[in-house]
Amino acid sequence: MSLFKEIEKISEYTISIRKLEKYFSFDMSFPGSWSILKSHVDETKTVFTKNDEKTKTVSFVSEMNDHSMNETITTIENIINYNIEREEKQRLFQQKVGELKNLFEKESLDELKNLKFDKDEIPKLEGEESIS
């Protein structure tokens, strides 16, 4: 795959890509509300340069070889995908809470007592430690 196609996937959040002697630095800017989990990154190849409510600026360092660059781009894609999914789940949760609230306002107490959910078992969410 071409370098352009690889970088295009992360371009919305890319500030710059720099050459530093034998390394590339992928400088990224993410929304401040996003999480970067320890399981997402190799902390020896990640530098946080700004972290506030509005923005998380992170540099991902990659050796100048195919494997390392692909690994770095995959890491960045995983962070983006994780956080976009998290935001979508939060929006969906708020929507479903609103629907449930409307149901409780409209239905009688007797009908609400018989309310059942389709899902027999709700999966437990495993917490992961965030590094930022």
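A short reminder: the numbers here are calculations on the coordinates, not readings from a lab. Since this is a predicted model, take the numbers as computed values, not measurements. All Cβ positions, even for glycine, are placed from backbone atoms using ideal geometry, and neighbour counts span all protein chains on display.
Observations
- Farthest toward positive dipole pole in the chain [+1 Lys/Arg, -1 Asp/Glu at C-beta], among S108, I84, I17: I17
- Approximating the spin labels as points 7 Å out from Cα along Cα→Cβ, the F48-to-D118 distance works out to 4.0 nm.
- Take each peptide in 56-64, 99-107, count the other Cβ atoms within 10 Å of every residue, and average; sorted highest first, the result is 56-64, 99-107.
- In order along region 26-42, the Karplus-derived 3J(HN,Hα) couplings, from 6.51 cos²θ - 1.76 cosθ + 1.60 at θ = phi - 60°, round to 9, 8, 10, 10, 10, x, x, 7, 6, 10, 10, 7, 4, 5, 7, 10, 9 Hz, and Gly and Pro are given as x.
- Helical mean residue ellipticity (222 nm; -39500 (n - 2.57) per DSSP H run of 4+; nearest 500) of the chain: -13500 deg cm²/dmol
- Packing-based ranking, highest mean first, of 11-18, 26-33 given that Cβ atoms within 10 Å are counted: 26-33, 11-18
- Relative contact order of the chain, taken over Cα pairs closer than 8 Å and 6 or more residues apart, is 25 percent.
- Rg followed by Dmax, in Å, when the chain is reduced to its Cα trace: 20.6, 72
- Dipole moment magnitude, nearest 20 debye, the chain about Cα centre, only Lys, Arg, Asp, Glu C-beta charged: 320 debye
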